[in-house]
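This report refers to the structure that appears directly beneath it.
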Amino acid sequence: MSNSPKLLSEHTCFGGTLGFYSHLSQACNSEMKLAVYLPPQAALEPVPVLYFLSGLTCTQENFMAKAGAQRYAAEHGLMLVVPDTSPRDTGIPGEDDDWTLGSGAGFYIDAMIAPWNQYYQMYSYVVKELPDLIAAHFPVRRDRVEGREQVCQGIFGHSMGGHGALICALRNPHQYRSVSAFAPICAPSQCPWGQHVFTQYLGTDLTTWNAYDASELVLHQQLPQPILIDQGSADQFLDAQLMPHVFEQACHQAGQPLTLRIQPRYDHSYYFIATFIADHIEHHAAILYGQKQ
């Protein structure tokens, strides 16, 4: 297991505590940073945890500073965990040259091609190492489900992170009880961002790409819970990069419950996320606390 997280800074927020941490990641072979918001309820009892995966160029700070999520997490008693979007300062040549590849662009996949594969193992980091770290050092609620103990957790994200949330949930249907996304990259195998990154990280074998493409995964693995997606109609990346209707068609074909809300005049920014963050926190809280939708 990774070493204990090192506290870098701490802030009181809506009666809870927002902490920024670093730790040495075995999966990513480097120091990783993350943010954790503990709602006031966590001082009295373990609480469900909700992971947020951020988009291209972001760090562990953007969501916590811009989304306004802590207010609603405090109201509903949810811990928020936000990892960085990639390893940093690995020494890979050109790592910082392209905002869609390398630093800030881990895409939540496990790279297979050198030199990226030595560090860029973000899928394994998010679904295994990070949850183990959080469960070991923070008051996470555990429930008995089908005779075994499980951490009560959900996952959501924005853009590249929305893609990450969808693939993590679809590939691990028993690990995440709830999932949602803001403007996710829904069909990375078909869009320029995804094709560029997948070629560099995974090579040219399209069967490998399909393992990290939500529109392909949902055809073979459905979730018992509904997926919530909000997408702005004025998003500059909507048609060329995000392709929510490709995912919608795949969900319809597979019988996967999906609520896709196209929000008129909203763009790709955190102003869009902040507008609808309350709905997403409520969506997760209702499932994680076992309430009816």
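In order along the stretch 91-105, the phi-based Karplus estimate (6.51 cos²θ - 1.76 cosθ + 1.60, θ = phi - 60°) of 3J(HN,Hα) comes to x, 5, x, x, 4, 9, 8, 10, 5, 9, 8, x, 3, x, 9 Hz; Gly and Pro are listed as x. Its DSSP H runs of at least 4 residues, each contributing -39,500 (n - 2.57), put the calculated 222 nm mean residue ellipticity of the chain at -8000 deg cm²/dmol, to the nearest 500.
Taking a quarter of the surface of the Cα convex hull of the stretch 70-118 gives a mean projected area of 4.7 nm². Kirkwood analysis of the Cα pair distances in the chain returns a hydrodynamic radius of 18.9 Å.
For Gln263, the residues whose amide H sits under 5 Å from its own are Gln231, Gly232, Ser233, ignoring neighbours fewer than 5 places away on the same chain, with H placed 1.01 Å from N.
For the stretch 1-72, what class follows from the C-alpha gyration tensor (a ≥ b ≥ c being the square roots of its eigenvalues): rounded when a/c is under 1.5, otherwise prolate if a/b is larger than b/c, else oblate? Oblate, because a/c is 1.5 or more while a/b does not exceed b/c. For the chain, with a Gaussian network of springs between Cα atoms less than 10 Å apart, report the residue from Leu50, Leu206, Leu219 with the top mean-square fluctuation. It is Leu206. Only alpha carbons enter this Debye calculation for the stretch 138-187, each as an equal point scatterer, and the log10 of I(q)/I(0) it gives at q = 0.19, 0.24, 0.27 Å⁻¹ is -0.63, -0.82, -0.92.
Cross-link partners of Lys66 among aspartates and glutamates, defined as those whose alpha carbon lies under 19 angstrom from its own and excluding same-chain residues fewer than eight positions apart: Glu10, Glu75, Asp84, Asp230, Asp235, Asp267, Asp279, Glu282.
Positive end of the dipole of the chain (Cβ unit charges, origin at the Cα centre): among Ala73, His220, Gly161, the Cα lying farthest that way belongs to Ala73. All distinct Cα pairs of the stretch 1-136 go into the 1/r average, and the inverse of that average, the Kirkwood radius, is 15.3 Å.
Count Lys and Arg as plus one, Asp and Glu as minus one, and take only other residues whose Cβ is under 10 Å from that of Ala183; the net charge is then -3. This model, with +1 at the C-beta of Lys and Arg and -1 at the C-beta of Asp and Glu, gives the stretch 82-237 a dipole about its Cα centre of some 660 debye. For the stretch 156-293, the mean projected area of the C-alpha convex hull, equal to one quarter of the hull surface, is 7.9 nm².
The phi-based Karplus calculation (6.51 cos²θ - 1.76 cosθ + 1.60; θ = phi - 60°) puts the 3J(HN,Hα) values of the stretch 207-220 at 5, 5, 4, 4, 5, 10, 10, 4, 5, 8, 4, 5, 5, 10 Hz, whole numbers, x for Gly and Pro. Around the Cα centre of the chain, unit charges on the Cβ atoms of Lys, Arg, Asp and Glu (plus for the first two, minus for the last two) sum to a dipole of about 760 debye. If both residues of a DSSP beta bridge must be in the chain, then about 55% of such bridges are antiparallel. Counted as membrane-span-like here are DSSP H helices of the chain whose alpha-carbon atoms extend 20 Å or more along the helix's own axis and whose Kyte-Doolittle mean is -1.0 or above; these are 270-288. Assuming charge only on the beta carbon of Lys and Arg (+1) and of Asp and Glu (-1), the dipole of the stretch 50-116 about its Cα centre is about 340 debye to the nearest 20.
The Rg/Rh ratio of the stretch 245-293, with Rg taken over Cα atoms and Rh as the Kirkwood radius over Cα pairs, comes to 1.04. Under a 5 Å amide H cut-off, with hydrogens placed 1.01 Å from N, Arg141 pairs with Val47, Val49, Cys152 among residues at least 5 apart or on other chains.
Sorting the segments 71-82, 7-18 by their mean number of nearby beta carbons within 10 angstrom, highest to lowest, gives 71-82, 7-18. For the chain, the fraction of 1.4 Å probe accessible surface lying on carbon and sulfur atoms is 49 percent.
Accessible surface area normalised per residue over the stretch 26-92 is 34 Å², counting heavy atoms of protein chains with a 1.4 Å rolling probe. When the chain is treated as a GNM with alpha-carbon contacts under 10 Å, the residue of Tyr120, Tyr266, Tyr212 showing the greatest mean-square fluctuation is Tyr266. In summary, the stretch 194-252 shows an alpha-carbon radius of gyration equal to 1.26 times the 2.2 N^0.38 Å reference for compact globular proteins. Taking every Cα-Cα distance in the stretch 79-170 and sorting them into 5 Å bins starting at zero, the pair-distance distribution P(r) comes out as 3, 12, 22, 21, 17, 12, 7, 4, 2, 1 percent.
The values are calculated or read from the model by the stated rules, or taken from the named source; none is laboratory data. Predicted, not measured: the structure shown is a model, and the values here were computed from it. Neighbour counts are summed over all protein chains in view; Cβ atoms, including those assigned to glycine, are modelled from backbone coordinates with ideal geometry. Surface areas here come from the heavy atoms of the whole protein model, side chains and all, with no ligands, DNA or RNA. Shrake-Rupley method; radii C 1.70, N 1.55, O 1.52, S 1.80 Å.
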